[in-house]
Amino acid sequence: MSELTLTKTRMQSGVWQGVITGCTQTPRISVTYLDSPLPDITLTKARDEGAWLLQVPIPGSVLSDGMQTLLILDEDTDTVLNSITLMAGEALGDDLRAEVDLLRAELDMLKRAFRRHCVETG
C-alpha cells in the first residue's frame, strides 16, 4: 500500500497534471498504457513540503476509437495511484448518443409521472 496521494488538477493541451503528496524525496512514478511505460512524464518539486507536480503528456499513439486507460503507479509499492481514461472515436459517439436518448426518454417519463402526481394530489 502506497503512502502517496495523487490528486488530478487538470488536463490541458494534451497534458494531464496532478499533485502527489506524502513524500519528502522524489517519488518513483511510472505511467503505463497496455503494460508499456509512457515516456516524457515529469515530476517537479512543489512549493508545499512533501508535494510534487506530475505532468503526463498524452502521446498520440494512445488515442484511438473507444476507451483507453493509462495507469499511474508508485513504483516502490507497485500501487496504482490514479488512472487516466480517454474516450474517443465514432464507435463511442454512437454509444453516447444512444445513452443520451435513453436518458431523455426516462426523464420525460419521470416528468409526466410527477405532473400526474401533482394533479392527483393537488
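The values are calculated or read from the model by the stated rules, or taken from the named source; none is laboratory data. In this text, all values refer to a predicted model and were calculated from it rather than measured experimentally. In this analysis, Cβ positions are derived from the backbone assuming ideal geometry, glycine residues included, and neighbour counts consider all displayed protein chains. Note: accessible area is taken over every heavy atom of the protein model, side chains too, but ligands, DNA and RNA are not part of it. Shrake-Rupley method; radii C 1.70, N 1.55, O 1.52, S 1.80 Å.
Which condition number does I20 fail, the rest of (1) exposed (fewer than 14 other Cβ atoms within 10 Å of the Cβ); (2) touching a Leu at 6+ places or on another chain (Cβ under 9 Å); (3) among the aliphatic types (A, V, I, L, M); (4) modelled with pLDDT of 85 or more being met?
Single failed check for I20: (1).
Of all residues in segment 83-122, which are loosely packed, with under 10 Cβ neighbours inside 10 Å and not in a helix (DSSP H, G or I)?
Of everything in segment 83-122, those that are loosely packed, with under 10 Cβ neighbours inside 10 Å and not in a helix (DSSP H, G or I) turn out to be T85, G122.
If we keep just the residues of segment 25-82 that are over 17 Å from the mean Cα position of the chain (by Cα) and at positive phi, which is least open to solvent (accessible area, probe 1.4 Å)?
In this case the residue turns out to be G50.
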